Structure formats: C-alpha cells, structure tokens
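**Q** For reference, the structure I am asking about is given below.
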C-alpha cells in the first residue's frame, strides 16, 4: 500500500533532482480539478469531480498499479488504485468542501470511482452525492486544507452543468471566499500536513475558490 507519506516522499525525491531545492516549499504536488454537476428532473443529484494529477504523482501510480504495462487500468488494477492510492483522501475529506449559507460539510463517502491514464497523466473521477441539498444555491470547493497539494481548477471548461433547461434555470460563477482562509508554512517539509487555524508569523494565506451554483425551477408557461 502506498501511504500518503510515501507518495509525498516519492514526489519530493523526483522534484528535487529535476527542479532543485526550490521546491522544498509548499505546495509539493498538484492536481487540476473539474466539476460536472448533475440534476435529475428538478432535483440536484450530485457532482462528478475529475482530478488530473501532476506528472510525478502520475508516474508513481502508473509504475505501481499498471501491472501489465498496457497503458490502462483493468478491473483488478482499478480496485488496487482505489484501495491503495485513492481512499486515503477520505482522511482529508476528499478535498471537497460543500457550503450552503454558513453551514459547511464534507462528503463521508464517494461513488463511481474510476482511474484512467491519459497521455501519461493519472485522472481520477468520482461522484459526490448532493441530493440532500435543495436550491436556490450551493457552493462547492476543492482544496487541501493542509496546502500540501495545490488544486487549481481547469483553465478551460472547469464546470459542466447537466440539467433539463425546460425545467430549470441554472448558472455558476467561481470566486474566492475570504471568510475561510487557509494558512500554511511556505517552508514546510515534505511530510508537513499541519493544519493552522489562525495566522502567525511566517505563515502565508491562501483563499480557496468556490464554485457557486444557482438553480431554480423555470416558471411553467401559462395555459
């Protein structure tokens, strides 16, 4: 099993030799996130998150779990990636933060996990159930509150909305929420996953970006 620390150390070893000691500061690895929100009729169903990892992490996972070296994961290899590389994210709330008003929550489980290899990059995809949330809006963010891992959103098409436009009006925007900053040590070591709840000297501040979804029923036409 590849632990979070082992993955970190693998990344740091590769990064040190390739890029030098400048990468000793946070963050130490990165993944790019996309969101695909889905509705069933007038009800929000959930969101598929897609994570595309940096080439160092990708190389490590491919080497560890593409056992037959065919450039894809079969059913057994998929299971190994889930059980030995992905599920540790549960300890970090799957890097997924849900907010309605002042109420914040995290998924306790995810569904429909898959792992793919695209041009030597590892891509995870999984579903977060949001059916407990009614409109008119919801905020969702992907970030690592230890800031070991940077999670930017895709530059192109970061959000997809799958709904029936005859039933709903849906829109989104992406912006920083400065009410919930993350504080981190820019010189944190490779195994540093300290969570800072208040700023102190030497820390830097990061403001996570939220995807703000607005949705409401489309008025029915008059008879």
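**Q** Could you check residue 134 against (1) at pLDDT 95 or above; (2) on the phi < 0 side of the Ramachandran plot; (3) surrounded by fewer than 17 Cβ atoms within 10 Å (Cβ to Cβ) and say which number it fails?
**A** (1)
**Q** In segment 174-187, is there at least one residue being modelled with pLDDT of 90 or more and under 17 Å from residue 44 (Cβ atoms)?
**A** No, there is no match, as no residue in segment 174-187 is modelled with pLDDT of 90 or more and under 17 Å from residue 44 (Cβ atoms).
**Q** Still on this model: Quick check on segment 137-152: of everything there that is under 29 Å from residue 189 (Cα atoms) and surrounded by fewer than 17 Cβ atoms within 10 Å (Cβ to Cβ), which residue is modelled with the lowest pLDDT?
**A** Ranking the candidates gives 150 first.
**Q** Exactly one condition in (1) surrounded by 17 or more Cβ atoms within 10 Å (Cβ to Cβ); (2) in contact with a strand residue (DSSP E or B) (Cβ under 9 Å, 6 or more places away or on another chain); (3) closer than 28 Å to residue 79 by Cα is not met by residue 190; state its number.
**A** With (1) surrounded by 17 or more Cβ atoms within 10 Å (Cβ to Cβ); (2) in contact with a strand residue (DSSP E or B) (Cβ under 9 Å, 6 or more places away or on another chain); (3) closer than 28 Å to residue 79 by Cα applied to residue 190, the lone miss is (2).
**Q** Restricting attention to helices (runs of 4 or more DSSP H) lying wholly within segment 1-102, give those where 3 or more residues are in contact with a helix residue (DSSP H, G or I) (Cβ under 8 Å, 6 or more places away or on another chain) and at pLDDT 95 or above.
**A** 55-65, 75-81
**Q** Further question on the same structure: What's the total number of residues in segment 198-212 that are farther than 30 Å from residue 170 by Cβ and within 21 Å of the chain's Cα centre (by Cα)?
**A** Number of matching residues: 1.
**Q** Then there's this: I want to confirm something. Restricting to segment 193-223 and keeping residues that are at pLDDT below 85 and more than 13 Å from residue 146 (Cα to Cα), which single residue is surrounded by the most Cβ atoms within 10 Å (Cβ to Cβ)?
**A** For segment 193-223, the residue satisfying everything is 220.
The values are calculated or read from the model by the stated rules, or taken from the named source; none is laboratory data. What you see is a predicted model; the values in this text were computed from it and never measured. Quick reminder, even Gly has a Cβ in these numbers, built from the backbone with ideal geometry, and neighbours come from all protein chains shown.
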